[in-house]
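Colleague: Following this message is one structure expressed as structure tokens.
Since every read-out is calculated from the coordinates, none of them should be taken as a lab result. Here the structure is a predicted model, which is why all the values come from computation and not from measurement. Cβ atoms come from the backbone with ideal geometry, glycine included; neighbour counts cover every protein chain shown.
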Number of protein chains: 2
Amino acid sequence: MYRTHTCGELRITDINTEITLTGWIQTIRKFGSITFIDLRDRYGITQLLFNEKLTQSLDKNPLGREFVLQVKGKVSERSNKNKNISTGDIEILVSEFKVLNSSAIPPFTIQDDTDGGDDLRMKYRFLDLRRNAIKKNIELRYAVSRAARNYLHQNNFIDIETPFLIKSTPEGARDFVVPSRMNAGEFYALPQSPQTFKQLLMVSGYDRYYQIVKCFRDEDLRADRQPEFTQIDCEMAFVEQEDILQMFEGMIKYIFKEVKNFEYASPLERMTWLDALRNYGNDKPDTRFEMKLANLKSPLQTSPDRGGLLSPGFKVFDEAESVLAISVSGCSDYSRKQTDELTEWVKRPQIGMKGLAFIKHNTDGTLKSSFDKFFNEEQLKQFSAFCDSKPGDLILILAGKEERTRKAISELRLYMADRLGFRKPDEFKLLWITDFPLFEYDEENNRWVARHHPFTSPKPEDIEVMINNDPAIENAEKYLEHPYAKIKANAYDMVLNGNEIGGGSIRIYQRELQEKMFAALGMSKEEAQHKFGFLLGAFEYGAPPHGGIAFGFDRLCAILGGSESIRDFIAFPKNNSGRDVMIDAPSTIDEKQLEELRIKLNLK
Amino acid sequence: MYRTHTCGELRITDINTEITLTGWIQTIRKFGSITFIDLRDRYGITQLLFNEKLTQSLDKNPLGREFVLQVKGKVSERSNKNKNISTGDIEILVSEFKVLNSSAIPPFTIQDDTDGGDDLRMKYRFLDLRRNAIKKNIELRYAVSRAARNYLHQNNFIDIETPFLIKSTPEGARDFVVPSRMNAGEFYALPQSPQTFKQLLMVSGYDRYYQIVKCFRDEDLRADRQPEFTQIDCEMAFVEQEDILQMFEGMIKYIFKEVKNFEYASPLERMTWLDALRNYGNDKPDTRFEMKLANLKSPLQTSPDRGGLLSPGFKVFDEAESVLAISVSGCSDYSRKQTDELTEWVKRPQIGMKGLAFIKHNTDGTLKSSFDKFFNEEQLKQFSAFCDSKPGDLILILAGKEERTRKAISELRLYMADRLGFRKPDEFKLLWITDFPLFEYDEENNRWVARHHPFTSPKPEDIEVMINNDPAIENAEKYLEHPYAKIKANAYDMVLNGNEIGGGSIRIYQRELQEKMFAALGMSKEEAQHKFGFLLGAFEYGAPPHGGIAFGFDRLCAILGGSESIRDFIAFPKNNSGRDVMIDAPSTIDEKQLEELRIKLNLK
């Protein structure tokens, strides 16, 4: 037995107890002839007092930061109590100690505010993980998984493991593949999700399945994406959309309660995909703050035409497909420098707008715009009224092609909210987005692609539309008039603070409809049979209605931890080139391994 | 809402309630003008009664087995109660029904005793999983994982996910590898276990780690091995072997209690590796029954030489390195045919012995051997006394080279126990095996290999022996005299009913000792640095003493389920060629995928 207690455990009630502790040296402070050492382990920090004699012994054999110590001693009351730590009332009068292991000088000190920068942190991740800032993330991650498991268990879900070595059926994202030595020339794929397996489990009658499971996507990594990531993956049989929304609304609230001790007021807001786009410019709106879009001109606009609001003489508005605005409170006094800054911001290539128009709704009620020569006061008033601006607001207006402009105003909205501190990490706003389109149009190939995935069912009322129409698009220009363009999916996303944290759908469970879907996505019968024959086959033997959802576990943990970065919530993450710089992977392998696998490198 | 209740839920107290059920048709029995249908779901079976009118409607649109139904109706008391099912007191007077999905005629009926054979079962695994016999295995698997998680949680363990895309460091088993598209010419490997990562977590201070995690080994599959398998993987810091044995003895007992409602009497038996070999012939003895080996002659024998027992004239014994025997109770009356059968059994290539000698210890106390002309009665008596045989026993004797003979007698012991019904699937016998040798001798390369793995620590008293001696083996003949041959590992296995269900060790945590270990295994400094530089590096920054264990989760579940086969405890297993015949994986991939990965096939 190495220790009797942990470094977070001893209290004033333990005084005079003889104890043994182990841990790492956080700090050493020589104080005249005695020495104070803060000893750290997973559970806390305990102050050690080395007397004169022991202190002398340190002269010959000095200790250092991150040495691993075992100390025996007696618990004693501290004269100088530390209210910031749980063991702050006591210290250990050390009688003997043993260095269990020494340490080189760490490349950065193990403290919340010193991490030595990203490269060092990743190379020495085993030291980075000692820092309290990271440790609490790893602990939170465990708490979230445990809460999810407990909730799902209470609701009769069963954790069933699905295979990792499966079949490559690339649809959308690229698969990671694994050459099979025993079946030369053939490959397994790592799952992008357990989608088809969980559907098979529904066919098998396991009507409530879950798994917290690794998934893999071989994509070019944008910031904060990982080639391997974790999902809370769930599926239910004999359910409609409403059953699923209720069940997982319950789960997220349970997690909030267990992990954050936060009672989330029910029910979650629900918003259609179209309303989200119209009011927030994207399908994962951050609703911690309002700042809704004013759709002055847009193909998405359904209310009476507001074109009259826009002066016929101002070409920027006249010639734009869309004119979209937001009213930003408290910014009417922005200086020329500040509005110029915003203009530069929207002109950056990532945003890609040509310019920014604005109206200052001054605190005295007057209106002053950047396009005064085209608008008279009355017109500005109407404009302001439509944008629902208040005195003190700054109305920001973007004009251009619908898609780009909407994306830009959505980004601008978030940017302004960040500037104004509206996006508080400790405030949480959840909502469901529903009624997604089933298909998206693929311009390049003039065909449909699945917005969610090929297993998502259309809304019940759209099934006939899908079955009875030919998916082929005769007139590419008028693809929006194709009946498929209007089909809604029985799909839903859960959004938290502007992030999609979960998404799912009611699935197709009829062979005929599934075949139609594969055909709509441009898959030949043979291809569909080769890739998904097992699923089509299973649908012939009594497949029940079913649906499910998957939560992005890494992201969920990050947001609950008040962070935007998932990397700090993964024990051993990879960098943006998909490398683990600590273990130096991927790496070359032996010629012998390649030979056994019957593959050769093909480097040009 | 598809249903108000499940098919396992309704009781006599629900009579007259209007309910809606969904499920699969198990059986249809027409009974005059009415029809009985057994409706099945995950939770049970409920009897439905279709009245005359509904029965007539079935003539036009017949139902069939495995159709998915939704029925509305009233709960009614059954006249003919079925005590075998939980809903046996009631039936549903169906008022309306809807076919949610039809079913083709299944290739085998969904019943415990009809599975259509292995090939069909695997191809139609989604139907096989509907069978109660498989369902209860999958449920048991979940119960075991949940019990393990709960126990570990209560004991302050934290579930931390380790990466799946790691570095290939083949030691022993082959790695599955994954070509990296973003790092052309380089490969990830899938983990054979999270070994090095869990050790790094100990260095990071997470002193109690666990994970229920998939691992991968690209081995030629023997029966009942899977290329992907699941471990309960655990590691602890600041522990000695005794701490780990206590902790996981607790876990296995907790699992037995939770899953089998079985109080396992404490403490687990402990046996050294040498005693296991001597008394049972292998290091995972089935101790549900005795039938210990009599070591008449063997290099492993430590007691005074028993050579005198063996007649100098019987060449089979005289020339053998080892003569080993077991006394099998109740078999003294075996006929010539039966003993011939046993002789044939030990001569099979899998066992590989030249013959079998035996002594019948008759119920009247007389002894009759198969080698009577070489032994007089007194010698047979001594022989019998040494074998501790009783009247009615049949003493079976094998002679030959030590290793093969010991393996053979061990197999024969199990075979006889099987014949005699001594290996009861509902009886459980757990034990710890300790004091393994650290190294095994690799004859082919005249060097040492790690018996467990390169991270296992020698016993504290053997550390100096290891550090101060050159691992090189000068004289291959006398390798047993090399100091390394006697080094004991700080390692332990948990054995259940003759199966190793878990194994682990106290790890090396000192850089110098780890380097010596790598050198002992024939690894150059450069190779060690290339493969395990990150671990050696981590040991320089305050690595604590630590150790752990991993349980074979699939095997553990199978044994708890009273089965020897792990396949039936895995939802989607692979066959002995590593194929998933249901989804037909592995399979060929597109030329485009190969090009992107910068690899080519190399099929000769």
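Colleague: With contacts defined as alpha carbon pairs under 8 Å and 6 or more residues apart, what's the relative contact order of chain A in percent? List each step's numbers first, then the result.
Modeller: Numbers: 1118 pairs, mean separation 76.6, N = 604.
Averaging sequence separation for qualifying contacts and normalising by length gives 13 percent for chain A.
Colleague: Dipole size in debye (nearest 20) for the stretch B:7-88 around its Cα centre, Lys and Arg Cβ +1, Asp and Glu Cβ -1? Let's see the in-between values first.
Modeller: Numbers: 13 positive and 9 negative charges, 35 e Å.
The calculation lands at about 180 debye.
Colleague: May I have the count of lysine pairs in the stretch A:12-101 with C-alpha atoms under 17 Å apart, counting pairs 8 or more residues apart or located on different chains?
Modeller: On the way: A:Lys30/A:Lys53; A:Lys30/A:Lys60; A:Lys53/A:Lys72; A:Lys53/A:Lys74; A:Lys53/A:Lys98; A:Lys60/A:Lys98; A:Lys72/A:Lys98; A:Lys74/A:Lys98.
Close lysine pairs under the 17 Å cut-off: 8.
Colleague: As an exercise, identify the GluC sites (Glu not before Pro) in the stretch A:16-72 lying in DSSP coil whose Cβ has no more than 16 other Cβ atoms within 10 Å.
Modeller: Working: sites: A:Glu18, A:Glu52, A:Glu66; in loops: A:Glu66.
Counting only loop positions with at most 16 other Cβ atoms within 10 Å, none of the GluC sites (Glu not before Pro) in the stretch A:16-72 qualifies.
Colleague: Taking amide H atoms as placed 1.01 Å from N in the peptide plane, list the residues 5 or more away in sequence, or in a different chain, whose amide H sits under 5 Å from that of A:Ala489.
Modeller: Under 5 Å from the amide H of A:Ala489 lie the amide H atoms of A:Phe436, A:Leu438, A:Lys459, each far enough along the sequence or on another chain.
Colleague: Let me ask something additional. Rounded to the nearest 20 debye, what is the charge dipole size of the stretch B:57-142 about its Cα centre when +1 sits on each Lys and Arg Cβ and -1 on each Asp and Glu Cβ?
Modeller: On the way: 16 positive and 13 negative charges, 48 e Å.
It comes to approximately 240 debye.
Colleague: Taking Cα pairs under 8 Å and at least six residues apart, what relative contact order does the stretch B:289-423 come out at, in percent?
Modeller: Numbers: 231 pairs, mean separation 44.5, N = 135.
Result for the stretch B:289-423 is 33 percent.
Colleague: Right, here's the next one. For peptide B:98-109, what's the mean number of Cβ atoms from other chains within 10 Å of each residue's Cβ?
Modeller: On the way: counts 0, 1, 7, 11, 5, 5, 5, 2, 3, 1, 0, 0.
Mean number of neighbouring Cβ atoms from other chains: 3.
Colleague: For the protein assembly as shown, what class follows from the C-alpha gyration tensor (a ≥ b ≥ c being the square roots of its eigenvalues): rounded when a/c is under 1.5, otherwise prolate if a/b is larger than b/c, else oblate? If you can, show how the numbers build up before the last one.
Modeller: Details: a/c = 2.12, a/b = 1.37, b/c = 1.54.
Oblate, because a/c is 1.5 or more while a/b does not exceed b/c.
Colleague: Shape verdict for chain B, please, from the Cα gyration tensor: rounded (a/c under 1.5), prolate (a/b greater than b/c) or oblate.
Modeller: On the way: a/c = 2.18, a/b = 1.37, b/c = 1.59.
It is oblate, given that a/c is not under 1.5 and a/b is not larger than b/c.
Colleague: Any chance you could check the Cα centroid distance between the stretch B:414-475 and the stretch B:266-285 for me, in angstrom?
Modeller: Answer, in whole Å: 12.
Colleague: I would also like to ask the following. Between the stretch B:511-538 and the stretch B:331-398, what's the alpha-carbon centroid distance in Å?
Modeller: Value for the Cα centre distance between the two parts: 52 Å.
Colleague: Kyte-Doolittle cut-off 0.5, length cut-off 20 Å along the helix's own axis using Cα: show which whole DSSP H helices in chain A pass. Display every interim value, and only then the final one.
Modeller: On the way: long enough: A:132-154 (32 Å, -0.76); A:241-260 (28 Å, -0.17); A:402-420 (27 Å, -0.91).
Helices passing the filter in chain A: none found.
Colleague: Give me the distance between the Cα centres of the stretch B:566-604 and the stretch B:14-78, rounded to whole Å.
Modeller: Value for the Cα centre distance between the two parts: 43 Å.
Colleague: Would you mind working out the magnitude of the charge dipole of chain B relative to its Cα centre, with +1 at each Lys and Arg C-beta and -1 at each Asp and Glu C-beta, to the nearest 20 Debye? Mind dumping the intermediate values first?
Modeller: Details: 83 positive and 91 negative charges, 402 e Å.
Taking the Cα centre of chain B as origin, the dipole is about 1920 debye.
Colleague: Cβ neighbours within 10 Å, averaged per peptide: list B:142-149, B:195-202 in order, most packed at the top. Numbers along the way, then the final one.
Modeller: Numbers: B:142-149: 20.6, B:195-202: 24.5.
Highest mean packing first, the order is B:195-202, B:142-149.
Colleague: Pull out a ≥ b ≥ c, the square roots of the eigenvalues of the alpha-carbon gyration tensor of the stretch B:68-140, then state rounded if a/c is under 1.5, prolate if not and a/b is larger than b/c, and oblate in the remaining case. Before the final figure, lay out each step's value.
Modeller: On the way: a/c = 2.76, a/b = 1.61, b/c = 1.72.
Here the stretch B:68-140 falls in the oblate category.
Colleague: Could you tally the net charge around B:Ser57, taking each other residue with its Cβ under 15 Å from the Cβ of B:Ser57, Lys/Arg +1 and Asp/Glu -1?
Modeller: Numbers: positive: B:Lys30, B:Lys53, B:Lys60, B:Lys72, B:Lys98; negative: B:Glu52, B:Asp59, B:Glu96.
The answer is +2.
Colleague: Please list, in chain and number order, the residues 5+ apart from B:Gly498 or on another chain whose amide H is under 5 Å from its amide H, with Hs placed from the backbone.
Modeller: Amide H to amide H, under 5 Å and 5 or more residues apart or across chains, B:Gly498 pairs with B:Asp286, B:Thr287.
Colleague: For A:Arg270, list long-range residues whose amide hydrogen, built 1.01 Å from N in the peptide plane, is under 5 Å from its own amide hydrogen.
Modeller: For A:Arg270, whose amide H was placed from the backbone, the distant partners under 5 Å are A:Trp432.
Colleague: Just counting partner chain Cβ atoms within 10 Å, what average do the residues of peptide B:214-225 show around their Cβ? The partial results should precede the final answer.
Modeller: Working: counts 7, 1, 3, 0, 8, 2, 2, 1, 0, 0, 0, 0.
Average per residue, whole number: 2.
Colleague: Across the residues of A:204-210, average count of Cβ atoms on other protein chains within 10 Å?
Modeller: Across the residues of A:204-210, the mean count of other-chain Cβ atoms within 10 Å is 6.
Colleague: Moving on. Restricting to DSSP H runs of at least four residues, report the calculated mean residue ellipticity at 222 nm for chain A, -39500 (n - 2.57) per run over all residues, nearest 500 deg cm²/dmol. Write out the running numbers ahead of the final one.
Modeller: Values: 16 runs with 169 residues, N = 604.
Helix contribution divided over all residues of chain A: -8500 deg cm²/dmol.
Colleague: In whole Hz, what ³J(HN,Hα) sequence does the stretch A:434-439 give by Karplus (6.51, -1.76, 1.60; θ = phi - 60°), x for Gly and Pro?
Modeller: Along the stretch A:434-439, the couplings run 10, 6, 5, x, 6, 10 Hz.
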